[in-house]
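So the structure is just underneath, and the comments pick up after that.
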Amino acid sequence: MTETVGLIPLFPLLGFLVLVLAPLVVRQEMPAGLVASIGVGSVGIAALLSLALLFTVFIGNPAASIQVTGWTWMATGGLSLGFNFHVDWLTQVMLLVITGVGFLIHLYSAGYMRGDAGYRRYFAYLNLFVCAMLLLVLADNLVLLYLGWEGVGLCSYLLIGFWYRNPENGAAARKAFVVTRVGDTAMALGLFLLFREFATLDIASLNTSAGSAGDSYLLTLAALLLLGGAVGKSAQVPLQTWLPDAMAGPTPVSALIHAATMVTAGVYLVARMHPLFAVSDTAMLAVGWVGALTLLIAGFSALVQTDIKRVLAYSTISQIGYMFLALGVGAWSGAIFHLMTHAFFKALLFLAAGSVILSLHHEQDISAMGGLRRKIPLTFACFAVGSACLAALPFTSGFYSKDQILLQAWEVSDGFNLLWLAGIIGALVTGIYSFRLLFLVFFGDEGRASAHCGDANSRVMSIPLVALALLALGGGLLAPPLQDVFPTAEGGHPSMLIEAVAIAMPLLGILVAWTMFSRGQRAEAPITPVERFLFSGWGFDWLYDRLLVKPLVTLANINRNDIVDAAYRGSASLSRQLHLLASQTQNGQVRWYMASLVGGSILFLAILVAL
């Protein structure tokens, strides 16, 4: 099956190359049907190959692994890196999420983006996005992983700013690119440090060496630097500010970023390098607290948002926070389980939101919605399923994965602790904001945009919605095999009271949402200072604007100032005159050169004597 592994990222790459180069060769635009067939088909084939790999290698044998040796990518000094792939049970789960959910998003996009002037460009970027993420999870060394890491960063920039003629979209793309570069720089420093310590960047060798080395200052620093990269890519505190603005791109792009590609990369990195993190109590505590703080900050911000996509964006930041909390308490399999179930229900929610937006002629303000459940019943049913999973209602996939995280957080200190408390409060808040959104959009009286609603779902858009709804409902059945992702024991048998609390919190949240938002109330712009504070994402943009952006702009303006320009012009003029003076010594006369040589020698000897 080694040939199959290499083909999985190859087909999306070929799709990208064909979509980009074919029109240049034939010198005419490709038909929309052919564009969709190539764009969707390439990822569909990758999904089928991933399924074939699952059934031929890993079913019944989760401890299996495949090593695919390609070629020597670079060799310099003591560093030798191969373009090699490694597939184990963790990689297999990620392959299924990326290609399976990615395929459904591509299929939905074929209908959603139909008629857009950049149709071919859109699918080319989407194919490259999937290819880069597949490269990231297949890499057997951290440099190859970093190549995929930067690839998804590039593709997110291209897709967030897809409608680049709108300056706000370009600004959002630049913001995402710059903010994530902060984390990427930290990660690069972590790679340098790991190579310095272990003379290798092979993932398996690093994990083995780190696991046997024991805790040390340098290992803790390396783990924290890798965490910095994960925080940036997965939009965690304090680098979470780019993700809400990333909603500027097409809605299926948001689904792909949030569910199957970019924001899951940080979770995968920490999970893949878990032996390195596990030897450092400081690093584990940092991971857990990053997740706990993020899930609360983003959850409370979601309570007051009025844009349907920004509510879902903050919910993604919060749910990724749960995954980091799980990683921080050693619930490695629980984190990956929640990553998978989140991919199902978050892709479902974004695609259903896309159908709402398209049906309302691109209206995204939930204060203009209401009463839509009868006008777009399929979209309502799918959105309700996604909301139930997001809130972790019993018997949904979200319940099983989030419950596993909360139970491990309880057991990590043999009882009550602040990380568990953060998770429990987050469960209550999640129940409120997820059903607030459902009630305001689909229940109550019709808003100003609802009167003009027409169901925009085509068959090609409906099929992915139904498929994702079924996966979101039944994803909990995948819990037993996912326990084998990591060979460590997780979870135990906490008291029934702790189980009851975990179940009651989201139900209480839904009750609060029903009381406040189910009777035709409208989503209003934030009025109180607290609401405005939460709406702004806890003021992080305001803080960074004053600490970083404005000082740099001020320096740039000073640089443009006439006085500074005059100084620059003066120094340039002085340099020019000195150059002209020095050039006069080069006159082509041998006598002058000989006299200069003798004079210089005498001066040199005089200096030596004086010393």
Subject >> Cα-based Lys proximity count in the chain, under 21 Å, for pairs eight or more positions apart or on separate chains >> reply: 8
Original post:
Does anyone have the angle between helix 167-198 and the longest principal axis of the chain? Alpha-carbon axes, 0 to 90°, nearest 10?
Top reply: 70
**OP:** Report Ser575's accessible area, 1.4 Å probe, all protein chains in place, as a number in Å² to the nearest 10.
**Re:** 70
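Considering only the other residues whose Cβ falls under 14 Å of the Cβ of Val231, what net charge follows from Lys and Arg at +1 and Asp and Glu at -1?
Numbers: positive: Arg181, Lys233; negative: Asp184.
Value of the local net charge: +1.
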Original post:
What is the log10 of I(q)/I(0) for the stretch 282-360, computed with the Debye formula using one identical point scatterer on each Cα and no solvent, at q = 0.14 Å⁻¹?
Top reply: -0.50
Subject >> Residue-wise HN-Hα coupling along the stretch 262-269, computed from phi with Karplus coefficients 6.51, -1.76, 1.60 (Hz; x: Gly, Pro) >> reply: 4, 6, 7, 5, x, 4, 4, 4
Original post:
Longest exposed-loop-site-free stretch of the chain, with GluC sites (Glu not before Pro), DSSP loop and at most 13 other Cβ within 10 Å?
Top reply: 30-523
Subject >> Solvent-accessible area of His579 with every protein chain in place, 1.4 Å probe, in Å² to the nearest 10 >> reply: 120
**OP:** Report in % the part of the accessible area of the stretch 388-462 that belongs to carbon and sulfur, leaving out ligands and nucleic acids; probe 1.4 Å.
**Re:** 62
Subject >> Solvent exposure ordering (accessible area, 1.4 Å, most first) of Arg373, Arg519, Arg532, Arg272 >> reply: Arg519, Arg532, Arg373, Arg272
Subject >> With at most 12 other Cβ atoms within 10 Å, longest stretch of the chain clear of loop chymotrypsin sites (Phe, Trp or Tyr not before Pro) (DSSP) >> reply: 72-394
Original post:
When all protein chains stay in place, what accessible area (Å², nearest 10, 1.4 Å probe) is found for Met516?
Top reply: 100
Original post:
Per the helix-only calculation at 222 nm, which mean residue ellipticity applies to the chain, given -39500 (n - 2.57) for every DSSP H run of n ≥ 4 and division by its residues, nearest 500 deg cm²/dmol?
Top reply: -23000 deg cm²/dmol
Original post:
If you rank Lys550, Lys233 by how much accessible surface each has, with a 1.4 Å probe, what is the order from largest down?
Top reply: Lys550, Lys233
**OP:** Can you sort Ile607, Ile424 by 1.4 Å-probe accessible area, starting with the largest?
**Re:** Ile607, Ile424
Subject >> Radius 13 Å from Cβ of Gly537, net charge of other residues (Lys, Arg +1; Asp, Glu -1) >> reply: -2
Subject >> Between helix 308-328 and the chain: long-axis angle, C-alpha atoms, 0 to 90°, nearest 10 >> reply: 80
Subject >> Neighbour net charge for Met461 - beta-carbon separation under 15 angstrom, K R +1, D E -1 >> reply: 0
Original post:
Counting only protein heavy atoms and using a 1.4 Å probe, what share of the accessible area of the stretch 1-102 belongs to carbon plus sulfur, as a whole percent?
Top reply: 68
Original post:
Ignoring any ligand, DNA or RNA, what whole percent of the accessible area of the stretch 166-282 comes from carbon and sulfur when the probe is 1.4 angstrom?
Top reply: 65
Original post:
Residue by residue, what Karplus-based ³J(HN,Hα) values in Hz, rounded to whole numbers, does the stretch 13-21 have, using 6.51, -1.76 and 1.60 with θ = phi - 60° and x for Gly and Pro?
Top reply: 5, 4, x, 4, 5, 5, 5, 7, 8
**OP:** List the residues whose amide H sits under 5 Å from the amide H of Gly82, counting only those 5 or more places along or on another chain, with H placed 1.01 Å from N in the peptide plane.
**Re:** Trp73
Original post:
Does anyone have the angle between helix 397-411 and the longest principal axis of the chain? Alpha-carbon axes, 0 to 90°, nearest 10?
Top reply: 70
**OP:** Keeping all protein chains in place, calculate the accessible area per residue for the chain (probe 1.4 angstrom), answer in Å².
**Re:** 42
**OP:** At 7 Å along the Cα-to-beta-carbon direction for both Ile602 and Tyr217, put a label point, then send me their distance in nm to one decimal.
**Re:** 6.0
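The values are calculated or read from the model by the stated rules, or taken from the named source; none is laboratory data. Given the structure is predicted, the values throughout are model-derived calculations rather than measurements. Positions of Cβ are backbone-derived with ideal geometry, glycine not excepted, and every protein chain shown enters the neighbour counts. Calculation scope for accessible area: heavy atoms of the full protein, side chains included, ligands and nucleic acids excluded. Shrake-Rupley method; radii C 1.70, N 1.55, O 1.52, S 1.80 Å.
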